[in-house]
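Q: Quick one: this structure, given as structure tokens, is what I'll be asking you about.
Bear in mind that the values in this text are calculations on the coordinates, not laboratory data. In this text the structure is predicted, and so the values were computed from the model without any measurement. Don't worry about glycine lacking a Cβ; one is built from the backbone with ideal geometry, like all the others, and counts go over all protein chains shown.
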Number of protein chains: 2
Amino acid sequence: MGQSSMSSEPLIEGVTLTVLRQIGDRRGAVLHMLRSDAPEFIGFGECYFSEVVPGSVKAWKRHRVQTQTLAVPVGRVRVVIYDDREKTPTSGQLQILELGRPDAYLRLRIPPGLWYGFECLGNAPALLANCADTPHDPNECEKCPEDDPGIPYRWGTR
Amino acid sequence: MGQSSMSSEPLIEGVTLTVLRQIGDRRGAVLHMLRSDAPEFIGFGECYFSEVVPGSVKAWKRHRVQTQTLAVPVGRVRVVIYDDREKTPTSGQLQILELGRPDAYLRLRIPPGLWYGFECLGNAPALLANCADTPHDPNECEKCPEDDPGIPYRWGTR
């Protein structure tokens, strides 16, 4: 059930995209991320940050159990999601998103079962935050190389 | 019960300070923040970010109910905590901490009942992350001006 409060572009099944509040302040903004009373809140397992330096790609990863809840409070990131699940309406589709302030400060939820990766856009390091619903467990996630021929997306081509 | 895995300096009662893992990677580090199986985990209410621009101070605030769990993944921040509770062993004391990578990437827990504030150090904006144990509720927190004479700390004096 792709849901979006921002764009009418269809999302891969299970992916959601929600506009987050940025409360402006001359001293620095307050940036919402996730509340336990949000309609889409599942549970809290772990919060961590992934820095991405300019020109770098972190891809691909797929979780069997864990749901990712992502936002980019610093810098600019391209996130690509690939659905190779069988029997979903969006099977075989790619989703390409840009996250960053001020125009794309969004919460992106990626359910288990989808391949995803991200890269830094622009000239400054970016910070991707994740509030995942379970603590990190290396046994429930798979990785494949960023240039894996099974995924029809080539990083660094714009 | 001040606990610290980093410093032997005594902390204000109830404040904890924990060294967080920074997993180095040429593409950008992975930075731990909080897991639900951490010994000090109480509950998840809200995660948000507070940006602080150079030269700015965000102070003072005190919560009646909410516990703050803070880390600084970007930039450098001074956090000051003031204990004006009655009957604590640290009543009347100030705690001054610096948070930032790579040498002070720490998780700081501030229990309810303490005044706290922070300021950006250095020439780049900083980002303070908070995983609080309840969602934001304006009725459970108080503010007072950054130069309130009742708190024996003057911001911007180094």
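Q: Find every distance from the label point of A:Gly122 to the corresponding label point in the other copies (7 Å from Cα along Cα→Cβ) and write them in nm, one decimal, shortest first.
A: Spacings between copies for this position, smallest first, are 1.7 nm.
Q: Report the equivalent ellipsoid semi-axes for region B:7-97 in whole Å, largest first, defined as the square roots of five times the eigenvalues of the gyration tensor built from alpha carbon atoms.
A: Largest first, region B:7-97 gives 25, 18, 15 Å.
Q: So what's the protein assembly as shown giving for Rg/Rh, alpha carbon basis, Kirkwood Rh from the mean inverse pair distance?
A: Taking Rh as the inverse mean 1/r over Cα pairs, Rg/Rh reads 0.99.
Q: Right, next: Any chance you could run the full-extension gain for B:Val19 through B:Ser36? It's 0.36 nm times the residue separation minus the Cα-Cα distance, nm to one decimal.
A: 4.5 nm
Q: Give me the lysines in straight-line cross-link reach of A:Lys61: C-alpha distance below 25 Å, same-chain residues under 8 apart excluded.
A: A:Lys61 reaches A:Lys87, A:Lys143.
Q: Let me ask something else. Count, for each residue of A:70-76, the Cβ atoms from other chains sitting within 10 Å of its Cβ, then give me the mean as a whole number.
A: 3
Q: Compute the signed sum of charges (Lys and Arg +1, Asp and Glu -1) over the other residues within less than 15 Å, Cβ to Cβ, of A:Arg107.
A: -2
Q: Right, here's the next one. Tell me which GluC sites (Glu not before Pro) from region A:53-150 have a DSSP coil assignment and no more than 14 other beta carbons within 10 Å of their own.
A: Sparse-neighbourhood loop GluC sites (Glu not before Pro): A:Glu86.
Q: Once the label point is placed 7 Å from Cα along Cβ, list for A:Gly24 the distances to the corresponding points in the other copies, in nm, shortest first.
A: For A:Gly24, the inter-copy label distances come out at 4.2 nm.
Q: Another one. List the relative contact order of region B:3-143 as a percent without decimals, with contacts defined as Cα pairs under 8 Å and 6+ residues apart.
A: Normalised by residue count, the contact order of region B:3-143 is 36 percent.
Q: Divide the volume of the convex hull of the Cα atoms of chain B by its number of residues and quote the answer in cubic angstrom per residue.
A: 123
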